[in-house]
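The values are calculated or read from the model by the stated rules, or taken from the named source; none is laboratory data. Bear in mind the structure is a predicted one, so any value in this text is a computation, not a measurement. As a convention, Cβ positions derive from the backbone with ideal geometry for all residues, glycine included, and neighbour counts pool all protein chains shown.
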Amino acid sequence: MADYYTLLTNAGIAYETACKAAGTPIKLTQISVGDGGEGGVYNPAATATALKREVWRGPLNALFQDEKNPSWLLAEVTIPPDVGGWYVREAGLWTDTGILYAIVKYPESFKPVLANSGSGKEFYIRSIFETSNASLVTLLIDDTVVKATRAWVMSYLAEELGKLDGKQSVRVAATTSVVLKGAQQIDGVAVIAGDRVLLPNQTLAKDNGLWIVANGDWVRANDANVSAKVTPGLTVMVEEGTLNGDSLWHLTTNAPITLGTTALTFKMLAGRTGIAAGTYKSLSVDEYGRATAGSNPDTLAGFGIKDSYTKAEVEALIAKASALPVGSIVAFPVDTPPPGFLELDNSVKSSATYPDLSAYLGGKFNKGDEGVGNFRLPEARGEFLRGWDHGRGVDAGRASGSTQSDSLKAHYHFLPTGSGGGQAVDPNGEIPTVVLKDTAADWVLRTEGDNAELSIGRVRTYNFGAATETRPRNIAVMWCIKAWNASVNQGNIDVAALTAELEKMKSAVPVGALMPFPAGVVPPGYLEANGSLFQDALYPHLATYLNKKFNIVGDDASYTRLPDTRGEFLRGWDHGRGVDAGRAVGSVQLDALQNITGGFDGNLDVKTATGAFVALNSALVTANTNAVTGFHGANFDASRVARTSTETRPRNLAVMWCIKAWNTPVNQGTIDIASLEQRVIKNEFGRLLNIQKFTANGTYVPSLGMKKVRIRIVGGGAGSGGASATASGQVSASGGGAAGSYAEALLTAEEIGASQSVIVGLAGIAGLASGTTGTSGGTGGATSVGALLSAPGGLGSIFSIAVSTVGYALYVGGYPGAPSSGGNLLNMPGAPGYPGISVNGSTLAGHGGSGPLGAGGSGYGIGASIQNGTGYGGGGGGVANGPSMAARNGAPGAGGVVIFEEYA
């Protein structure tokens, strides 16, 4: 037998047996010490029921199982310094019923008392005894009198800290499986004996975990060497390494875990993912929200967009399906062709410069002298445009685009006669006598008395305005042809060219174009060209284009007058051709009839000397008779009477001439180019109708006209735990709270329905401080849209305890909540809070987790201000205390949000 030992007494064994039979625990409450009586040191016997001579009795401080031998129990007591003056040679353990359960032979040791000896000490006794069922033994402690030794406290802290999820950092994390023996190179670092290493990639996953490097066989680290210390969610920081340095790892294996048997899976929670720093248009994100790959595609296919036109398709649409296709002829009342148009002036153009127009005209107006690779435009200067007959029969026999000279419709002139062949009466009221007379120039009919003459073959009509052509009244305009649809290479569109072209052209029908409409309704974007005034501020682009050309004296300077086309024909501006010279574009020209010479058709009767009327004919003229005494018209045909009118005009169709005034119903065509470019880049669908944002509970009702809605949702961010009060040489720091989870969905009006209930998750509250203990940060509330989407909140970090400034401490941050659900575009958990760290007194609180819609609060050093979560769904930042500081509350997170982007 050992020199010093502990025996269960016979009474203690009987008591234990009775407890086992009754199913009740063995309750130990006190320990006593004695000096062994007059005989001094002795060997106790199991038959003892009391000590030889008891000198002190007090409550047990601790009773716990030995780690290596579960059947061993360790009992501990501390004797205070104010008692003593005797030797300790024996000790006894007592039940709550007063039975001596075990007796101890103790090495002789003197216990001084402060009052008599001039010095004192706390006397620590540990007794080890064996029992058949240690789980039955219970320690009853009176907290008001129990004292803990420093060694016990440090041991207890080490054991309990070892069971926490947050572990002391490791020097390096292996990238491959390694041999568990000797110093070696891991992730670019030469590890040596004593280094802590994380092994996450062992061939046998049961061997993964935290290990201590040794020159021989490695052993598991003290804080991860038994099952109780290796729990789901174990986290550890990595200090060095080419690939895994400065990263945070956690154990994702679920309970139960048996160390050395259960396969352990470690994953990087934060740190390097292999993607270089920079800006990327396309990212790949892992389950923790970390960017693992990035690229910068410059095509729609590169973005994976399949429901949009390709560049080639856009070019084809613009070139062939423009609202105003190439080849259209449009009138403009000023002398500047807008972008995309050429004046119809019969000039020669390059087919390479204008390929679309060249292909459309096909050389139809070429004369043969254009040269290779060129084509000729039609001539419209000074011309009216007439609809091609195309088989109707009104203007038969003409080809489209052919020229037609001016002419006057065939008609008849009649001398004034009495009806039914009666005599004519001259202006003096006399019945004239007409004499056929041969003159040197012509045969004439002369009325006697008045001496008026009429040329028989060249009767001249009244000359209206001495015109050289027959025409209707009209306005001179510049006829232009649509030549191309884009500013660069006639249709090869990229975003930059498209935005620049839209800024110039605004629309396929440019501002200032005169367009005919066959109904009396002015369409959107147009104003009737009726000579009225409009305010420049209402139609700025039209005002700039007309530049007050049609204004008259007295018009307000802030107004512009429209041209008046009511009742007018449009005629091509001469522009130097010489057909209608001397006119300015937009000027008005009255109607006129060209000078003409008419003739009789032979149905002119003359009165002979006998009183008879005979037809005037070549035989009568040749006879040179003077026997003609009168005349009257014969063979009168009412159908030959020319139509009477107050003007000269061609046949026509009445239309309402309107001028293009603006291109969009709002702001007259001012296009937001930046927004347009973003639509092209993002391939957004439809027109943004409205945005509804909920930061509190409510009901979402779709806006009228909504066809699709993009929903973004985030749960509430968690709060951080408080930091305990500290003594001299102590610090504490809490980790940050986790961010709320996030989801995105794209839904149709049918899927969203008439309405949806909206629940917005509240922010997680701050952990409270209360001396050396407190509360953890609160969990963020869940956000939801009916049963369609749900985004749980993040979890708060735990309350931090004070630790020594000498050494290392890791305070775990808040874990992510459950992943969001319902998003058909994106579902992701919130980012976890960063841990708080203390290394040799240098202390930093953990950052709060950040999400897509809000940042977490920053974790700063000792005494810094509290950093709440910001935006929506961000976690609260941790707080840090230095030596001798009072306990501090943590920081709250940020509340959740629901955003509805509605599209028409």
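Would you say Gly705 is within 27 Å of Ser858 (Cβ to Cβ) and either surrounded by fewer than 24 Cβ atoms within 10 Å (Cβ to Cβ) or touching a Leu at 6+ places or on another chain (Cβ under 9 Å) (or both)?
no
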Check your understanding: Would you say Val219 is in contact with a strand residue (DSSP E or B) (Cβ under 8 Å, 6 or more places away or on another chain) and surrounded by 16 or more Cβ atoms within 10 Å (Cβ to Cβ)?
Key -> no
Practice item. Could you check how many residues of region 339-373 are in a strand (DSSP E or B) and more than 48 Å from the chain's Cα centre (by Cα)? Key: 2
Review point. Among the candidates Ser850, Ser790, Ser858, which residue alone is touching a strand residue (DSSP E or B) at 6+ places or on another chain (Cβ under 7 Å) and at pLDDT 90 or above?
Key: Ser790
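Yes/no per residue for (1) among the small types (Gly, Ala, Ser); (2) surrounded by fewer than 22 Cβ atoms within 10 Å (Cβ to Cβ); (3) assigned by TED's automatic domain parsing to the domain that holds Ser850:
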{"residue": "Val731", "(1), (2), (3)": "no, no, yes"}
{"residue": "Ala739", "(1), (2), (3)": "yes, no, yes"}
{"residue": "Ala754", "(1), (2), (3)": "yes, yes, yes"}
{"residue": "Thr775", "(1), (2), (3)": "no, yes, yes"}
{"residue": "Leu789", "(1), (2), (3)": "no, no, yes"}
{"residue": "Gly794", "(1), (2), (3)": "yes, no, yes"}
Practice item. Please specify each residue of region 827-856 satisfying the condition of being part of a strand (DSSP E or B) and either over 24 Å from the mean Cα position of the chain (by Cα) or buried (at least 24 other Cβ atoms within 10 Å of the Cβ) (or both). Key: Gly836, Ile837, Ser838, Val839, Ser842, Thr843, Leu844, Gly851, Gly854
Practice item. Go through (1) touching a strand residue (DSSP E or B) at 6+ places or on another chain (Cβ under 6 Å); (2) surrounded by fewer than 21 Cβ atoms within 10 Å (Cβ to Cβ) one by one and return the number of the condition Glu902 breaks. Key: (2)
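Quick check on Ala818: is it surrounded by fewer than 24 Cβ atoms within 10 Å (Cβ to Cβ) and at negative phi? Walk me through it before giving the result.
Details: surrounded by fewer than 24 Cβ atoms within 10 Å (Cβ to Cβ): yes; at negative phi: yes.
In short, yes.
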Practice item. Determine if region 65-84 includes at least one residue that is surrounded by 13 or more Cβ atoms within 10 Å (Cβ to Cβ), at pLDDT below 90, outside any strand (DSSP E or B) and in contact with a Pro (Cβ under 7 Å, 6 or more places away or on another chain). Key: yes
Review point. What are the residue pairs meeting all of these: first residue in region 552-571, first residue without any contact (Cβ under 8 Å) to a residue 24 or more places away in the chain and at negative phi, second residue surrounded by fewer than 17 Cβ atoms within 10 Å (Cβ to Cβ) and of a type outside the set (D, E, K, R), Cβ atoms under 7 Å, and 6 or more apart or on different chains?
Key: Asp555/Leu533; Ser558/Gln535
Review point. Looking at region 861-885, which of the residues that are assigned to a loop (DSSP other than H, G, I, E, B) and in contact with a Leu (Cβ under 7 Å, 6 or more places away or on another chain) is nearest to Phe694 (Cα to Cα)?
Key: Tyr872
Study note, to complete from the structure: Ala301 vs (1) surrounded by 13 or more Cβ atoms within 10 Å (Cβ to Cβ); (2) free of Cβ contacts under 8 Å to residues at least 12 places away in the same chain; (3) hydrophobic (A, V, I, L, M, F, W, C): all pass except (1)
Practice item. Name the residue, out of Val236, Val226, Val230, that is among the aliphatic types (A, V, I, L, M), closer than 19 Å to Lys163 by Cα and surrounded by fewer than 19 Cβ atoms within 10 Å (Cβ to Cβ). Key: Val226
Study note, to complete from the structure: Exactly one of Gly856, Gly893, Gly830, Gly836 is farther than 22 Å from Ser247 by Cβ, small (Gly, Ala, Ser) and touching a residue at least 60 places away in the same chain (Cβ under 8 Å), and that residue is Gly893
Practice item. For region 380-410, enumerate the residues that are surrounded by 11 or more Cβ atoms within 10 Å (Cβ to Cβ) and within 21 Å of Arg583 (Cα to Cα). Key: Ala380, Arg381, Gly382, Glu383, Phe384, Leu385, Asp406
Study note, to complete from the structure: Here the residues within region 1-47 that are of a type in the set (Ser, Thr, Tyr) and in a strand (DSSP E or B) are Thr6, Thr29, Ser32
Check your understanding: Hey, Phe375 hits all of (1) at pLDDT below 85; (2) crowded, with 17+ Cβ neighbours inside 10 Å but one; which does it fall short on?
Key -> (1)
Review point. So which residues in region 162-177 are surrounded by fewer than 20 Cβ atoms within 10 Å (Cβ to Cβ) and farther than 17 Å from Pro835 by Cα, if there are any at all?
Key: Thr175, Thr176, Ser177
Practice item. Please list, ordered by first then second residue, the pairs with beta carbon atoms under 8 Å, 6 or more apart or interchain, first in region 197-218 and within 15 Å of Ile186 (Cα to Cα), second charged (D, E, K, R) and assigned to a loop (DSSP other than H, G, I, E, B). Key: Val197/Arg171; Leu210/Lys167; Ile212/Asp195; Val213/Asp195
